[in-house]
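All of the numbers you see were taken from the coordinates with simple rules; none came from a lab. Nothing here was measured: the structure is a model prediction, and the numbers come from that model. Here the Cβ positions follow ideal geometry from the backbone for every residue, glycine too, while neighbour counts run over all protein chains shown.
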Amino acid sequence: MRGTLRGEQYTQVDNHDPFAAPVWRSPVHRTPEPVIWLVQAVRLVFRLAWFLIRHPLPGLAAAVVAVTWAKAGWPGPAAVALAAIAALAGLRAWQPDRFTRWVTVPARSRWRWWCYRRHWHPVMTIAGLAAAYRGKVMLPELGKVTAGRCADRAAVRLVSGQSPDLLADRSANLAHGFGVISCRVRTGPPGSVVLELVRKDALAEPIGALAIPAVPDLRALPVGRREDGAVLTVRLHGTHLLIAGATGSGKGSWLWGLVRAMTPAMHAGLVKVHACDPKLMELAYGRGLFERSGSYAAGPEPIAALLEDDVKAMQERATRFAGRQRDHIPTAEDPFVVVLVDEVAFLTAYQADRKLRDRTLAALATLTTQGRAVGYSVVAALQDPRKEVLNIRNLFPDKIALRLDEPSQADLVLGDGARDRGAVCDEISADPATGAGVGFVRLEADPDPVRVRAAFVSDDDIRAMTAACAIPATAGAPALTGGEAA
């Protein structure tokens with residue numbers, strides 16, 4: 001029980017109305033000053049210990065400087081500083097990858113965190129993301145920032161009751177507020193999102209043909225570059241791929257990029273490419289390559305026959321595999337088969353012969369529903385992504401959307417809400433120098449679209465690939481299937 005209250009601890013609120021009911025103040029209990037000093041000292045010690053636990057290197061550096069200063073005066077810390085600079089320079093010269101991972105990236109990430117933190121409060125407030133609760137303004141909390149060469153990824157913890165869609169609707173405000181090219185909202189743990197803040201457009205310039213890998217990985221074929229500057233790899237083994245884009249959007253770069261990355265495995269007989277070229281323009285340039293390492297068909301009737309033959313071979317392989325194995329491993333006897341179909345819309349919707357349309361569509365549906373487990377992959381390219389043009393587009397787990405004519409078409413290709421998450425395919429430039437091959441990739445395992453650009457494979461590159469495959473193989477190079485697509 002508290003002691004008797006003195007007069008200084010409770011008084012009547014000033015009121016000049018003599019007839020008003022008395023209103024009393026709450027009692028005031030004064031904390032002794034030594035207790036205040038003790039509590040603040042405990043807080044200081046706790047925060048210092050927590051800082052040393054989370055950041056041991058600064059604490060160790062401070063301890064070394066203090067000890068050397070006490071032992072040798074100012075020459076001690078100067079010698080330590082020179083030794084540290086020499087060690088960093090040596091690490092940069094002999095181990096540049098480790099220097100980047102241990103020094104450059106953490107330092108850049110910390111700097112970018114400070115830059116975002118400096119503008120966080122005004123940008124969140126003006127963008128309409130500040131929530132008021134019981135008279136207190138609550139903002140999304142900025143977490144760890146990982147800085148890349150071209151883009152930063154900032155972890156953000158949402159205010160209770162906010163959703164990622166709220167930040168996605170304010171992505172343009174955030175981009176202008178933080179002074180970056182674009183801002184995209186990526187999914188994260190419950191209650192959190194990841195902001196992808198692009199500082200430099202790594203896809204502004206055309207990309208030359210990538211080097212052909214010595215040992216192709218069919219789950220990670222290098223075909224271009226991601227928006228963050230990393231190499232883009234695409235998976236074919238165990239999936240199907242749909243590429244949609246308007247005329248001149250660069251679909252050929254994607255098709256030839258995939259073929260180029262698989263060339264060593266084709267040369268070794270571990271991969272067969274069955275090319276379907278209804279317009280006799282895009283794939284006919286490498287006809288010799290396909291005829292040696294697969295097959296080539298042009299025209300609706302030969303293409304329908306080729307697809308039906310693939311269905312029969314796939315079903316025969318599935319019969320042999322039944323009860324023996326569940327996963328396909330490319331071998332010379334059972335190679336990985338890629339069915340490459342250009343302008344699939346003509347075959348399934350636009351050609352005049354209805355019977356050929358039905359045959360082609362039925363064969364493609366069978367391959368896409370049954371071919372993944374036995375080593376068959378369908379790669380199809382089209383211009384019109386509407387359902388009535390290709391009603392089996394949902395059978396393609398992985399999709400690439402290039403430049404499209406209408407905003408709604410991005411959702412048709414990549415799924416509902418793709419454009420709200422940053423897949424602005426209708427805003428890609430029609431200038432081939434800046435927009436050819438640029439698009440957004442949505443993988444089966446990741447619902448967030450990623451902006452990418454395919455490397456340009458020139459006519460000379462195709463000639464060189466065809467000439468290389470014309471030389472008989474001397475040794476089979478294994479096609480690895482481990483790893484994941486980036």
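Using only DSSP helix segments of four residues or longer, with each worth -39500 (n - 2.57), what per-residue ellipticity at 222 nm results for the chain after dividing by its residue count and rounding to 500? Intermediate results must be reported in sequence, preceding the final value.
Details: 15 runs with 182 residues, N = 486.
Taken over the chain, the calculation gives -11500 deg cm²/dmol.
Dipole of the chain (Lys/Arg Cβ +1, Asp/Glu Cβ -1, origin at the Cα centre): which of 40, 193, 462 lies farthest to the positive side?
Of the listed residues, the answer is 40.
Once amide H atoms are placed 1.01 Å from N in the peptide plane, what residues at a sequence separation of 5 or more from residue 235, or on another chain, have their amide H within under 5 Å of its amide H?
So residue 235 has HN proximity to 221.
Distances over 20 Å make up what percent of all Cα-Cα pairs in the range 142-301?
Working: 8062 of 12720 pairs.
For the range 142-301, the share of Cα pairs beyond 20 Å comes to 63 percent.
Rounding to the nearest 20 debye, state how big the charge dipole of the range 109-198 is about its Cα centre with +1 on each Lys and Arg Cβ and -1 on each Asp and Glu Cβ.
Working: 13 positive and 5 negative charges, 69 e Å.
That gives the range 109-198 a dipole magnitude of about 340 debye.
Could you tell me which of 350, 321, 364 has its Cα farthest along the dipole of the range 315-381 towards the positive end, charges placed at Cβ (Lys, Arg +1; Asp, Glu -1), taken about the Cα centre?
Farthest towards the positive end: 321.
Do the alpha carbons of any pairs in 279/399; 355/399; 272/387; 251/355; 144/200 sit beyond 25 Å of each other, and which pairs? Mind dumping the intermediate values first?
Working: 279/399 22 Å; 355/399 28 Å; 272/387 30 Å; 251/355 28 Å; 144/200 20 Å.
Checking Cα-Cα distances, 355/399; 272/387; 251/355 exceed 25 Å.
What is the Rg over Rh value, at two decimals, for the range 109-198, using alpha-carbon atoms and the Kirkwood definition of Rh? Walk me through the numbers on the way to the answer.
Values: Rg = 12.2 Å, Rh = 13.0 Å.
With Rg and the Kirkwood Rh in hand, the quotient comes to 0.94.
P(r) for the chain, please, calculated from all Cα pair distances in 20 Å bins and given in %.
All Cα pairs, binned at 20 Å, distribute as 19, 40, 25, 11, 5, 0 percent.
Could you tell me which residue out of 249, 259, 294 lies farthest along the dipole of the range 241-303 toward its positive end? Charges go on the beta carbon: Lys and Arg +1, Asp and Glu -1, centred on the Cα centre.
259
Can you compute 3J(HN,Hα) from phi for each residue in the range 459-466, using the Karplus curve 6.51 cos²θ - 1.76 cosθ + 1.60 with θ = phi - 60°, rounded to whole Hz and x for Gly and Pro?
4, 5, 5, 5, 4, 5, 5, 5
Name the residues whose placed amide hydrogens come within less than 5 Å of the amide hydrogen of residue 378, ignoring near sequence neighbours (fewer than 5 apart) on the same chain.
241, 339
Provide the packing ranking of 270-283, 96-109, i.e. peptides ordered by the mean count of other C-beta atoms within 10 Å per residue, highest first.
Numbers: 270-283: 21.5, 96-109: 13.4.
Top to bottom by mean Cβ count within 10 Å: 270-283, 96-109.
Mind putting a number on the dipole of the chain about its Cα centre? Charges go on the C-beta only, +1 for Lys and Arg and -1 for Asp and Glu, and I need it in Debye to the nearest 20.
Numbers: 58 positive and 48 negative charges, 472 e Å.
Here the size comes out at about 2260 debye.
Under the Kirkwood approximation for Rh and a Cα-based Rg, what ratio Rg/Rh is obtained for the range 221-470? Could you put the intermediate results ahead of the total?
Details: Rg = 17.2 Å, Rh = 18.2 Å.
Rounded to two decimals, Rg over Rh is 0.94.
Roughly what % antiparallel, to the nearest 5, for the DSSP beta bridges in the range 221-470? Walk me through the numbers on the way to the answer.
Details: 15 of 38 bridges.
Bridges in the range 221-470 are about 40 percent antiparallel.
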